[in-house]
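There's a structure below that I have some questions on.
The values are calculated or read from the model by the stated rules, or taken from the named source; none is laboratory data. As the structure is a computational prediction, the values presented were derived from the model and not from experiment. As a convention, Cβ positions derive from the backbone with ideal geometry for all residues, glycine included, and neighbour counts pool all protein chains shown. All accessible areas refer to the heavy atoms of the entire protein, side chains included, with ligands and DNA or RNA removed. Shrake-Rupley method; radii C 1.70, N 1.55, O 1.52, S 1.80 Å.
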Amino acid sequence: MNLKNRLFYFLILLTTSFYAQNQDLKQQKTLHVDVELKNPSSEINDGEATLIVSGGEAPYTYKWSNQETSLESKKSTGLIEGMPHTVVVTDAKGNKVEKTFELEAESITEIFNSGVQPAVDYLGMVLFWDPFEAIGIYDPLVYTSHKLVPVPEWDPSSAPSYTLKKWLIEENAHVNEGDEIAVVETGDGRELTAKSDGDGKIKYLAKEGQVIYDPESTEDVIVADAHMIAEIEFDDPQPLLHANGDIRKNSIPFIVIWLILGSIFFTFRLGFINIRGFKHSIELARGKYDDPAAPGRITHFQAMATAVSATVGLGNIAGVAVAISLGGAGATFWMFMAGFFAMSLKFVECTLGVKYRFINKEGRIFGGPMNYLRYGLEKKGMKGLGKFLAVLFAVLGVGASLGGGNMLQSNQAFKIVSEQLPFLQGYGFWFGVMFAVLVGVVIIGGINSIARVTGRVVPFMAAVYIIGCLVVIGTNFQNIGNAFEAIFNGALHADALKGGFIGVLIIGLQRAAFSSEAGVGSAAIAHSASKTNNPVADGFTSLVEPFIDTMAVCTMTALVLIFTGMHQESTGMGGVELTSQAFGSVISWFPVVLAFAVFLFAFSTMVSWSYYGMRSWTYLFGRSKKSEMVYKVLFLVFVVLGASVSLGAVLSFSDMMILAMSFPNIVGLYIMSSEVRADVKDYLKRLKENKIFIHPRFREESKTEA
């Protein structure tokens, strides 16, 4: 081979080598993402996705569709099987790769859960739609002009105190995110370095040598943000973000507006009946106006106890804890105010529940919103609308009773009790069977049996829980002024970190609306069985129910959380766990008592909702005893299912159905408001003229008062 050919082949080889190296370099620089999926068990919502990233230029950010996963995390957990998820990986130069993936649903529960989840999302869009955002009345984004810097590794229940040892940055100096700003010394001698959470000007909130937070100080425990050492005033207002980088939004859900506006409307429409009628409500509950000869099956007190047993439950323990951890102490104020107005709404529905009830020849009673929507609106010339609303309410009532009023209760009761009694873990089915037997013994006997049980259980369980609350409050009584100051300041001057004023307001109103069930119409079913000749009397009896449920029990739970500092805990702890830890910090053995109280709450809620669901069922499928028995057996099967199977989306959907019951119910209440107002006027006139029956044992008392 001559020199010319050799040179030619050499150039070809050199070009080929250069091209291959260039391709390898390009491939190395190209951002490439693979997703490794894992379904670790047959349990729902425990899917995992891990990213394998190559190429591009580090560092990378990972924006997951799961809002709980950090932008810095390559792994996302707690994913729903059988549902699509996304992640966008971005390198340092802004190159992006988007991946859509789906974990295969393998078990029956996972398949069922993923099938129901779209329905949950759809119903949630309706119930939690924000009309004010839709028409542009306010900006839903949550901004803050500053951010507080907490003690590093702070824990409200931790043993050591925290002392500011040394500032590393001059006050009013400009800092950047990640800058070290102070050294904090713990009571056990460790040194922790606090860092800036943003770009801006620093303001000191503590002095060198000062004890920042002492868990033994009741004032530090109660006062909001006592564990903060500095404030960073941002160069420009910054939006608050979820872990995955999504901007946080305030929301004013339509369902909350619907319930709260109804409460306020009827309070004014009936001339603040919740204040004027409160004394008479107590008299009715005491039995002063119980007429043994009146039609019906249960006393005023038993009707009230049945309705309260359905509302005083997990929402008063877990729900309040979540509300307070999200909205701070200020949510308590708005919760209390919403409970006050809810009394009037419950008055109207319970009055109509008795007025439009039907009692057959056997003495069996059929009443509730189905009846007054059907026949009350027919009387107003709206027969078609009345039929539609009644059927819609009944369908929702059956679904709500089997889910939120049944499975949710047995599911949570098992979780809480098994935590205190570890030998039960793994035996949810047998716990459910035992629970079903207890519930069955009561509900097979009908409303009389239910009323007798709730009439005994409700006062007992309320007493146990309230005594526990009073012990915690009494232990810290010297600081009650600080607690109420935190409540009022938090309600009216809420920090943006808690969602601002709108955020705290809505969280409080939402918890109260969900807790009391005023406007849902369920209590009207219980009151329809009351022994009375005066429907308005049961309206008065029901006034005290939101007072007990929301204004008393929910407020007690909130105070326990505030007194123990748990209202400042907002990471990683469930509602019941938060309340349990709050009690346990004062009374070490009280979590066991709390578990027992939760069991009773769940039990009483289930027996009451069994009756609500049964009356909705018989409206749809006939009033025969056979039809009732079919429903009762179905209800007991769902008790076992709730305790033994994880059904996240199913429980969420059925729980939402309880709220959805308020749509047809409140429409009917508005239409019949003038009718109720006239009935109240007539009743109060007869009461003043002593034309209402008084039980013999109270007659002497009435003469003395006169």
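Could you tell me whether the chain comes out rounded, prolate or oblate from its Cα gyration tensor? Rule is a ≥ b ≥ c as square roots of the eigenvalues, rounded for a/c under 1.5, then prolate if a/b exceeds b/c, otherwise oblate.
Cα axes put the chain in the prolate bin.
Among all stretches of the chain without exposed GluC sites (Glu not before Pro) (DSSP loop, at most 16 other Cβ atoms within 10 Å), which one is longest?
Counting at most 16 other Cβ atoms within 10 Å as exposed, the longest clean stretch of the chain is 363-688.
Taking a threshold of 31 Å on the Cα-Cα distance, which of the pairs LYS346/LYS380; LYS75/LYS165; LYS93/LYS147; LYS415/LYS632; LYS346/LYS691; LYS355/LYS625 fall above it?
Checking Cα-Cα distances, LYS75/LYS165 exceed 31 Å.
A further question follows. Which of the three applies to segment 396-445, rounded, prolate or oblate, going by the alpha-carbon gyration tensor with a ≥ b ≥ c and a/c under 1.5 meaning rounded?
Here segment 396-445 falls in the oblate category.
Here's something else I'd like to know. For the chain, what does the helix formula give at 222 nm: sum of -39500 (n - 2.57) over DSSP H segments with n ≥ 4, over the residue count, nearest 500 deg cm²/dmol?
Calculated mean residue ellipticity at 222 nm is -17000 deg cm²/dmol.
Excluding ligands, DNA and RNA, what is the solvent-accessible area per residue of segment 600-644 at a probe of 1.4 Å, expressed in Å²?
With all protein chains present, segment 600-644 gives 34 Å² per residue.
Can you classify segment 37-95 as rounded, prolate or oblate using the Cα gyration tensor, where a ≥ b ≥ c are the square roots of its eigenvalues, rounded means a/c under 1.5, and otherwise it's prolate if a/b beats b/c and oblate if not?
Because a/c hits 1.5 or more and a/b exceeds b/c, segment 37-95 counts as prolate.
Roll a 1.4 Å probe over the protein heavy atoms and report the accessible area of HIS32 in Å², nearest 10.
90
So how exposed is THR30, as accessible area in Å² (1.4 Å probe, rounded to 10)?
80
Nearest 20 debye, what's the magnitude of the dipole of the chain about its Cα centre given +1 on Lys and Arg Cβ and -1 on Asp and Glu Cβ?
4000
Accessible area per residue of segment 226-356 at 1.4 Å probe, in Å²?
31
Please give me, ordered by residue number, the trypsin sites (Lys or Arg not before Pro) of segment 48-153 that lie in loop per DSSP and have at most 10 other Cβ atoms within 10 Å.
Answer by residue number: LYS93.
Of ALA486, ASN244, LEU127, which is farthest towards the positive pole of the chain's charge dipole, taken about the Cα centre with +1 and -1 on the beta-carbons of Lys, Arg and Asp, Glu respectively?
So the residue we want is LEU127.
At a 1.4 Å probe, what is the % contribution of carbon and sulfur to the accessible area of segment 179-312?
Exposed carbon and sulfur together represent 51 percent of the surface.
For TYR427, TYR204, TYR375, write out the residues from largest to smallest accessible area, computed with a 1.4 angstrom probe and no ligands counted.
The ordering from most to least exposed comes out as TYR427, TYR375, TYR204.
Taking H placed 1.01 Å from N in the peptide plane, check which residues at least 5 places from TYR289 or on another chain put their amide H under 5 Å from its amide H.
Those qualifying (amide H under 5 Å, at least 5 residues apart or on another chain) are HIS695.
Mind checking segment 340-428 for trypsin sites (Lys or Arg not before Pro) that DSSP puts in a loop (not H, G, I, E or B) and that have at most 15 other Cβ atoms within 10 Å?
Here the sparse-neighbourhood loop sites are LYS361, LYS380.
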